[in-house]
Amino acid sequence: VKVNGKNDYMLHSGDMDHIAIEKLTIQHEMHSALRNQEFVLHYQPQYDLASGQIVGMEALVRWQHPERGLVSPAEFIPAAEESGLILPLGEWVIEEACRQNKAWQDQGLLSIPVSVNLSLRQFSQQNLTGKISEILRQTGLDPRYLELEITESMTMDVERASQYLQELIDLGVNISIDDFGTGYSSFHYLKNLPIARLKIDRSFVRDIEQDPSDAAIVAAIISMAHNLQMQVIAEGVETKDQVHFLRSHRCDEMQGYFGSPPLSSAGAQGLLSEKLNG
Ligand code: C2E
Ligand code: CA
Ligand code: CA
Ligand code: CA
């Protein structure tokens, strides 16, 4: 199958052929999936390490596929980015996360920020700030309860990224740097922009107890973040030992299976209600 000039090489390998066909199928199916409201958000709680309180939720998209069941974002986000469908999909994610968070607040549940992942294409699109501002107005969510997660690769063009980030920050939303430590790091943007928090990538957290390099890196990120008045959250926390390490190094928050896996909106709401009732 010849997709376009760039993908010519796919002609030479049966495996690559298969991948190309699969990608086209996914891209085609995603369009109708968006129309048919087959996408859902799951929410993973974030915990304060000192108090154990829930301090935020990360919205993670899933595709409720009629035949294939719940499809993970790793399987369709890259195709969505490539086809441009990430723009309407990403906008839906922001809108749905804001709507849900506002609904929880209106039910008297804990008021906590919801964080949403932005893709590079979304981040660099025309008038992202205008779109987000409109979503906040329509849903009635206070901007401080929305956090946008970007990755270091989106800050490669420091000048431009700084301008986009400043516009978003002026709206009153929070910015966090996702997968911190895995990308191209420029400390320029950290120095010049009020970024609320760093999310330490789970690849550094995994072997924190066994690998002295990982331990040193995590300790350094925590201390740097604090010196820059940023909060720091560790991702992919799975064990009690990791919690002990992070606590003893004064990491602020954690997210991971140890606290809770991502939950359906009903599950997340149940958890928030439980907290409310003691
Ligand atoms: P991410 O932003 O790094 O999200 C964290 C991922 O780690 C989630 O995978 C989550 O389920 C998983 N995770 C959480 N705790 C643990 C743990 O203790 N151990 C391990 N091994 N994994 C853990 P998920 O939901 O499959 O999402 C994968 C990626 O897809 C996300 O990585 C994010 O980059 C992307 N993604 C998800 N939702 C969206 C979205 O709405 N928009 C965009 N652009 N990307 C999204
Ligand atoms: Ca994320
Ligand atoms: Ca992450
Ligand atoms: Ca990661």
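The values are calculated or read from the model by the stated rules, or taken from the named source; none is laboratory data. Note that the structure is a prediction, hence the values are computed from the model and not measured. Cβ placement follows ideal geometry from the backbone for every residue including glycine, while neighbour counts extend to all protein chains displayed. To get the accessible areas, we keep the full protein, side chains included, count just its heavy atoms, and leave off ligands, DNA and RNA. Shrake-Rupley method; radii C 1.70, N 1.55, O 1.52, S 1.80 Å.
Observations
- Heavy-atom accessible surface of the stretch 73-148: percent carbon and sulfur, 1.4 Å: 48
- The dipole here belongs to the chain: it is taken about the Cα centre, uses +1 on the Cβ of Lys and Arg and -1 on the Cβ of Asp and Glu, and is about 500 debye.
- Accessible surface, the stretch 153-207, averaged per residue in Å² (probe 1.4 Å): 48
- Secondary-structure-derived ellipticity at 222 nm for the chain, considering helices only, amounts to -14500 deg cm²/dmol, per-run term -39500 (n - 2.57) for DSSP H runs with n ≥ 4.
- Longest segment of the chain lacking trypsin sites (Lys or Arg not before Pro) that sit in a DSSP loop with at most 11 other Cβ atoms within 10 Å: 69-278
- Across the chain, Cα pairs under 8 Å and at least six residues apart give a relative contact order of 18 percent.
- Projecting the Cα atoms of ILE200, ILE77, GLN231 onto the dipole axis of the chain, where Lys and Arg carry +1 and Asp and Glu carry -1 at the beta carbon, places GLN231 farthest toward the positive end.
- Gained length - ALA216 relative to TYR184, 0.36 nm times residue gap less alpha-carbon distance: 9.6 nm
- In Hz, Karplus ³J(HN,Hα) per residue of the stretch 55-70 (6.51, -1.76, 1.60; θ = phi - 60°; x = Gly, Pro): 10, x, 9, 9, 7, 10, 7, 9, 10, 7, 7, x, 9, 8, x, 6
- The residues of the stretch 43-125 expose, per residue, 38 Å² of accessible area to a 1.4 Å probe.
- Choice from ILE177, ILE94, ILE26 with maximal GNM fluctuation in the chain (Cα, 10 Å cutoff): ILE26
- Two tests apply to each whole DSSP H helix in the chain, Cα reach of 18 Å or more along its axis and mean Kyte-Doolittle hydropathy of at least -1.0, and the ones passing both are 14-35, 86-106, 158-171, 212-227.
- Paramagnetic reach from THR129 (point 7 Å along Cα→Cβ, amide N under 16 Å) across the stretch 170-205: 170-175, 193-195
- Heavy-atom accessible surface of the stretch 150-199: percent carbon and sulfur, 1.4 Å: 49
- Positive contributions from Lys and Arg (+1) and negative ones from Asp and Glu (-1), summed over other residues with Cβ under 13 Å from the Cβ of ILE112, come out at -2.
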